[in-house]
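The values are calculated or read from the model by the stated rules, or taken from the named source; none is laboratory data. Since the model is a prediction, treat every value here as computed from it, not as a measurement. Methodologically, a virtual Cβ is constructed for each residue, glycine included, from the backbone with ideal geometry; neighbour enumeration extends over all protein chains shown. The area values use the complete protein model at the heavy-atom level, side chains included, leaving out ligands, DNA and RNA. Shrake-Rupley method; radii C 1.70, N 1.55, O 1.52, S 1.80 Å.
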Amino acid sequence: MEVNISLVPEWGQQLIKLGTASNDNLNNFFVITVSMIVFLMQCGFAFLEAGAVRSKNTTNILLKNLLDSSVAGLSYWALGYAFAFGDGTGFIGGSGFFGTFPEADLSKWFFQMVFAATAATIVSGGVAERCEFVAYLTYSIVLTAFCYPVITRWAWHSNVSDGHPSNVGWLIDGVSVIPGAAYHDFAGSGVVHVCGGVAALCGAVLLGPRIGKYDSQGRAVAIPGHSVPLAALGGFILMFGFFAFNGGSQFSISNEGDGVVVARAVVNTIISGSAAGVTTILLHRMFSATKRNCIRHSTWSLLSTINGVLGGMVAICAGANMMHMWGAFITGFISALVYYFGSMLVERIGIDDPLDAVAGERVHIMPIY
C-alpha cells in the first residue's frame, strides 16, 4: 500500500527515511559481501587450471588468471558498466564512462565487474597451454569492456527511470514474433557462462590442439595435469563461490521475500550440482572402460566429477530463483549428460579443450526459458 508521505507527521517522515536508508545500507552490504565471495572464485579457477595443466605451464596460467581480474576491473570501470547500464538503447548504453555513474550504483558495479571477470576466466581453460600472452590480454580486454557488457544490457538492464522504454534490454522487452515471450536468466547461465563458453570454443578452434594431443592416426592422447590436490582445492573453492554467485543475484536482502528467494537459489544450486556430480562419475565409470591384458578396466575420474558438479551448478543459474527442488535435480541430471557427451564430442572432432571449458559451458543453454 502506498502512503502519501506529506500526510505523515514530521517524526514519522524521519522514521520512514531512516528505515529506507537502513534497507539501502543492508542491501549494499549484502551485495558487496557476495561479490567478494564471487571474486574468490578467481582463486578457484586459478587452482583448478594450474592443477589440470603440466607443471611447466603453471606460472603462465596463474598469471593469466590474476590479470583477468585486473583487466576486468579497469575495462569495466572505463567502458563496460556504461555499455551495460548507462542511458542508451535496448542494444547498448552510452553514459557513465570512467566511473561517472551515481555512487548509489557502486555495489552494483562491483558485483557486475566480478561477473565480467568470471566470463573472461572461463576462456583461459579452453585455450590453456598454447595461447600467446598478448593475445590473451587482448581478448580479455575486448570481452570485459564490450562483449559481456553488451550481452548484459540485452538481458539484465530494465531501468526505465529516464522515461524511455527503448532503454530496456531487448531480450527483457521480449521477442515481437512470439507474444509474451521474454528472456529470463536469474544468475547468468547465458549472460556469463555461455558468453565465456562460446569465446572459449572460438579460441580453441582458432589455436588448434596442443602438440602431442592427437597421435598420427588422429586419436586423442591424454595429457594429465601435474597436481591433483590443486585441482581439487580449486574445484571446492568454485563450488563454495557458486552459492554466492547464484544466491547473490537476488541483489537485495531487505525486502519481503528476499530471504526465501536467496535460500531457494542456494538450495537449488547444491541439489543440481550434487545430481550432476553423481551422474557424471557414474557415466565415466560406464563409458571409460579400457582393455588391458584382455581384462576390461573401468575408472573413476576426479576432474570429470569436479567439472560435472560445476556444470550442474551453472546449469541451474538461469532458474535458480524459480525452480522446485525436483526441477533442480532434473536440471543437474541433464546437465551431466550434456557435459559428459559434449566433452567426448568436442575431443572427437579435434578440438583440444584442456579443462572442458567448452563442454562445461554447453550445459548452460539447457535451463534458459
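Against the definition (more than 22 Å from the chain's Cα centre (by Cα), part of a helix (DSSP H, G or I) and modelled with pLDDT under 95), how does I223 come out, yes or no? Explain how you work it out, then say what you get.
Numbers: more than 22 Å from the chain's Cα centre (by Cα): yes; part of a helix (DSSP H, G or I): no; modelled with pLDDT under 95: yes.
Judged against the criteria, I223 is not a match.
Do we have I281 as open to solvent by less than 60 Å² (accessible area, probe 1.4 Å), in a helix (DSSP H, G or I), more than 21 Å from V194 (Cα to Cα) and at pLDDT below 95 here? Reasoning before the result, please.
On the way: open to solvent by less than 60 Å² (accessible area, probe 1.4 Å): yes; in a helix (DSSP H, G or I): yes; more than 21 Å from V194 (Cα to Cα): yes; at pLDDT below 95: yes.
Yes: the conditions hold for I281.
Is there a residue in the range 329-346 that is surrounded by fewer than 24 Cβ atoms within 10 Å (Cβ to Cβ), among the hydroxyl-bearing types (S, T, Y) and in contact with a Ser or Thr (Cβ under 9 Å, 6 or more places away or on another chain)? Talk me through it step by step, then tell me what you get.
Of the range 329-346, the ones surrounded by fewer than 24 Cβ atoms within 10 Å (Cβ to Cβ) are 329-330, 333-334, 337-338, 341-346.
Subset that is among the hydroxyl-bearing types (S, T, Y): 343.
Narrowing further to those that are in contact with a Ser or Thr (Cβ under 9 Å, 6 or more places away or on another chain): 343.
Yes: the range 329-346 contains one or more residues that are surrounded by fewer than 24 Cβ atoms within 10 Å (Cβ to Cβ), among the hydroxyl-bearing types (S, T, Y) and in contact with a Ser or Thr (Cβ under 9 Å, 6 or more places away or on another chain).
Counting the residues of the range 99-133 that are among the charged types (D, E, K, R), assigned to a helix (DSSP H, G or I) and touching a helix residue (DSSP H, G or I) at 6+ places or on another chain (Cβ under 8 Å) gives 2. Suppose the filter is more than 16 Å from the chain's Cα centre (by Cα) and touching a residue at least 40 places away in the same chain (Cβ under 8 Å); does N65 pass it? Against the criterion (more than 16 Å from the chain's Cα centre (by Cα) and touching a residue at least 40 places away in the same chain (Cβ under 8 Å)), N65 does not qualify.
None of I237, I223, I271 is under 23 Å from L302 (Cα atoms), in contact with an Asp or Glu (Cβ under 9 Å, 6 or more places away or on another chain) and open to solvent by less than 60 Å² (accessible area, probe 1.4 Å) except I223.
Of all residues in the range 69-82, which are open to solvent by 50 Å² or more (accessible area, probe 1.4 Å), free of Cβ contacts under 8 Å to residues at least 60 places away in the same chain and not polar (S, T, N, Q)? Talk me through it step by step, then tell me what you get.
The initial filter retains those residues of the range 69-82 that are open to solvent by 50 Å² or more (accessible area, probe 1.4 Å), namely 70, 74, 77, 79.
Keeping just the survivors that are free of Cβ contacts under 8 Å to residues at least 60 places away in the same chain gives 70, 74, 77.
Hits for the range 69-82 are L74, W77.
List pairs: first in the range 91-117 and without any contact (Cβ under 8 Å) to a residue 24 or more places away in the chain and closer than 20 Å to G169 by Cβ, second part of a loop (DSSP other than H, G, I, E, B) and charged (D, E, K, R), Cβ under 9 Å, 6+ apart or cross-chain? Going by the 9 Å Cβ cut-off, the qualifying pairs are G94/D87; S95/D87; G96/D87. Counting only residues that are in contact (Cβ under 8 Å) with a residue 12 or more places away in the chain and among the β-branched types (V, I, T), the range 212-234 holds 2 of them.
Confirm whether T138 is within 26 Å of I32 (Cβ to Cβ) and not in a loop (DSSP other than H, G, I, E, B). Answer is no for this residue. Regarding the range 181-193, can at least one residue be identified that is of a type in the set (F, W, Y) and modelled with pLDDT under 85? Checked against the condition, which is being of a type in the set (F, W, Y) and modelled with pLDDT under 85, the range 181-193 yields at least one hit. The residue that is least open to solvent (accessible area, probe 1.4 Å), counting only those in the range 161-176 that are part of a loop (DSSP other than H, G, I, E, B) and either closer than 26 Å to F245 by Cα or modelled with pLDDT of 85 or more (or both), is G169.
Please specify each residue of the range 83-98 satisfying the condition of being assigned to a helix (DSSP H, G or I) and open to solvent by 30 Å² or more (accessible area, probe 1.4 Å). If you could, list the steps in order and put the result at the bottom.
If we filter the range 83-98 for residues that are assigned to a helix (DSSP H, G or I), which is where we start, we get 83-85, 97-98.
Passing the criteria: F83, F97, F98.
Any residue in the range 177-189 that is free of Cβ contacts under 8 Å to residues at least 24 places away in the same chain, open to solvent by less than 50 Å² (accessible area, probe 1.4 Å), more than 23 Å from G342 (Cβ to Cβ) and not basic (K, R)? Yes: the range 177-189 contains one or more residues that are free of Cβ contacts under 8 Å to residues at least 24 places away in the same chain, open to solvent by less than 50 Å² (accessible area, probe 1.4 Å), more than 23 Å from G342 (Cβ to Cβ) and not basic (K, R). Please indicate, with yes or no, whether at least one residue in the range 108-128 is out of contact with any Pro (no Cβ under 9 Å at 6 or more places or on another chain), within 24 Å of S249 (Cα to Cα) and open to solvent by 50 Å² or more (accessible area, probe 1.4 Å). Yes - at least one qualifying residue is present in the range 108-128.
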